[in-house]
Every structure is written in C-alpha cells, then in structure tokens.
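The values are calculated or read from the model by the stated rules, or taken from the named source; none is laboratory data. All values derive from a computational prediction rather than experimental measurement. Counting neighbours? That spans all protein chains shown, and the Cβs are built from the backbone with ideal geometry, glycine included. Accessible surface is based on the protein model in full, side chains and every heavy atom, while ligands, DNA and RNA are left aside. Shrake-Rupley method; radii C 1.70, N 1.55, O 1.52, S 1.80 Å.
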Amino acid sequence: MSDYDNQNIFAKILRGEIPNDTVFENAHTLAFRDIEPQRPTHVLVIPKGPYRTWHDFARDGSKSEHSAFVEAVAAVTDAESVESGGYRLVVNNGDDGNQEVPHVHMHVFGGANCGPMIKRQS
Ligand code: 5GP
C-alpha cells in the first residue's frame, strides 16, 4: 500500500473529528455530501480503510470492502433518486487525476446534466 496520511481531511471525518452530512453508511463505507457541491447531488463515497488511491483500494482492499463500496454507491443513487435522470461517477487519482484529498473517494454527481466528460486539450 502506498503511504497513507492519517491527518488527511477524510481520515478526520472518519474519526469523527470533523462533522459531515452522512447520506449512507455500512460496515466498510461512508457516503457524505461534498462541502462544495458541483451539482444538486454531489456525494462522496469513501472506504473506511486507509487507502490513498483507487489503485490501493482495488489492490489491497478485501472482497468485503469492495462489495460494501459498490453497495454504498447504489444506496446513494437510490437515496438521491438520480437513477432515472442519470448520474456520473468520478474518481480522481494522483497528480494527473488532480486528486486533492489523499483518501480514495468516488464523486456521485446528479440532479442536473454533468456536461461533457472532459474538456478537449488545447
Ligand atoms: P478531489 O479533487 O480530491 O477528487 O475531491 C475532493 C473533494 O473533497 C472536493 O470536491 C471538495 O469539495 C471535497 N472536500 C474537501 N474538504 C471537505 C470537507 O471537509 N468536507 C466535505 N464534505 N468535503 C470536502
């Protein structure tokens, strides 16, 4: 597993040191609203384990953690009623992915059109 900074903001949220607006929680996963929502629905889904990137989570997470994560994403899209209108899942990874918080997280965007997937490079 790559280095994990246990002082990152999501680690603090997981320890209850910083409040969050929880949408869904299971044994291995927490889903909460983004502090600066970019769409009417903007929820972050994170594993509770210390994984910095998606790659770390995919490689080192257990089957139970993986299935709990998938279950949580589905529970969020159900709770937010975004399935019929559509939604977008985004995981930013590392420097080229512009990942800001070094604890893996999936963004769930919905409630309005999410625009083009990525801007063409100039
Ligand atoms: P990234 O760019 O790493 O994919 O996304 C990080 C996300 O975390 C951003 O959308 C940002 O608004 C969100 N964020 C940063 N700090 C906090 C916080 O303290 N609470 C919550 N709920 N979201 C945060």
What residues qualify as long-range amide H neighbours of Gln99, i.e. H under 5 Å apart, gap of 5 or more or another chain, H built at 1.01 Å from N?
Asn93, Gly94
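Of the accessible area of the chain, with the probe set at 1.4 angstrom, what percent is carbon plus sulfur? If you can, show how the numbers build up before the last one.
Numbers: 3690 of 7510 Å².
Roughly 49 percent of what the probe reaches on the chain is carbon or sulfur.
With a cap of 15 neighbouring Cβ atoms within 10 Å, and only residues DSSP puts in a loop, list the trypsin sites (Lys or Arg not before Pro) found in the stretch 11-53. Provide the component values of the computation, followed by the final result.
On the way: sites: Lys12, Arg15, Arg33, Lys48, Arg52; in loops: Arg15, Lys48, Arg52.
Sparse-neighbourhood loop trypsin sites (Lys or Arg not before Pro): Arg15.
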Name the long-range amide H neighbours of Val23: under 5 Å, sequence gap of 5 or more, or other chain; modelled H, no Pro or chain starts.
Ala31, Phe32, Arg33
Determine the distance separating the Cα centre of the stretch 57-86 from the Cα centre of the stretch 89-122; give it in Å without decimals.
16 Å
Long-range amide H partners of Val104, meaning residues 5 or more apart or on another chain whose placed amide H is closer than 5 Å, are Tyr51, Arg52, Thr53
Computed about the Cα centre, the charge dipole of the chain from +1 Lys/Arg and -1 Asp/Glu charges at the Cβ has a magnitude in debye, to the nearest 20, of 220 debye
To the nearest whole percent, what portion of all C-alpha pairs in the stretch 1-69 is separated by more than 15 angstrom?
55 percent
The base-10 log of I(q)/I(0) that the Debye equation returns for the stretch 44-122 at q = 0.12, 0.14, 0.23 Å⁻¹, one scatterer per C-alpha, is -0.39, -0.53, -1.13
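Give me the accessible area per residue for the chain, probe 1.4 Å, as a whole number in Å². Provide the component values of the computation, followed by the final result.
On the way: 7510 Å² over 122 residues.
Value returned for the chain: 62 Å² of accessible area per residue.
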